[in-house]
Amino acid sequence: MLLAGPMRLFIATSFPAEVLRPLNDRLATLKSKLPRASWVRPEGQHLTFAFLGEQDESVVNRIAIDGGCSFEASLRGCGFFPNRRHARVGWVGAEPQEKFVALAQRVRDGVAAAGVQSDQNEFKPHLTLARIRDHWPPLAIETFEKALHDFQSAPFAVHEVTLYLSRLNPNGAVHTPLRAFPLRLSA
């Protein structure tokens, strides 16, 4: 038994520490130059393919994911959701976009085949860096973009997706891996 009652679940991929370190080093110098935001801690940085929300524990063993083949990726560039004028989330992009989009579709298909409804938002491959509660002025938006527009991580392999349990607490969410779904080795 993992937890009594519903569990807050999502499926994501994480990034190697050596890929995230240069990004987080850059962010460390940037944060003090920007208005208040809720910055994602390095241990919580991941790319979500499907948010399942509150689910019964039985879902953990019902889900089967055929994610296809592993691939090489990188983190690159930056932007805002929904857009720079109404910035609510600051992010760095994940490439190649088409491979991440295809993987997200396979993950969502596996979730649906298990009879679980997940979010159906359009998938845009990215790593969330900051959640912006209070409006940032144009100069802050430009500062963020100037600091990260040329960012490019070292290449890394995307070789699995993981089903996570998310527990909210006052210091931020704690993500516990429950099941890994390895991708096939690429030819």
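Observations on the structure shown:
- Pairs where the first residue, in the stretch 66-77, is within 12 Å of residue 97 (Cα to Cα) and the second is among the charged types (D, E, K, R), C-beta under 6 Å, 6+ apart: 71/99; 74/95; 76/95
- Screening the candidates 57, 98 for the property of being of a type in the set (Asp, Glu), over 25 Å from residue 6 (Cβ atoms) and either touching a strand residue (DSSP E or B) at 6+ places or on another chain (Cβ under 8 Å) or surrounded by fewer than 17 Cβ atoms within 10 Å (Cβ to Cβ) (or both) yields one hit, 98.
- Looking only at the stretch 44-91, and only at residues there that are modelled with pLDDT under 95 and among the acidic types (Asp, Glu), the one that is farthest from residue 179 (Cα to Cα): 54
- Wholly enclosed strands (runs of 3 or more DSSP E) of the stretch 103-187 bearing at least 2 residues more than 19 Å from residue 66 (Cα to Cα) and within 20 Å of the chain's Cα centre (by Cα): 126-131, 160-167, 174-182
Every residue, every condition in (1) within 24 Å of residue 23 (Cβ to Cβ); (2) of a type outside the set (Phe, Trp, Tyr), yes or no:
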residue: 91; (1), (2): yes, no
residue: 95; (1), (2): yes, yes
residue: 105; (1), (2): no, yes
residue: 124; (1), (2): yes, yes
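- Taking the stretch 1-37 as the range and being small (Gly, Ala, Ser), loosely packed, with under 12 Cβ neighbours inside 10 Å and farther than 21 Å from residue 100 by Cβ as the test, the residues that pass are 4, 5, 28, 32.
- Looking only at residues in the stretch 30-60 that are more than 21 Å from the chain's Cα centre (by Cα) and free of Cβ contacts under 8 Å to residues at least 40 places away in the same chain, the one that is nearest to residue 128 (Cα to Cα) is 32.
The values are calculated or read from the model by the stated rules, or taken from the named source; none is laboratory data. On a predicted model such as this, the values are computed, not experimentally measured, just so you know. Virtual Cβ from ideal backbone geometry, glycine too; neighbours counted across all protein chains shown.
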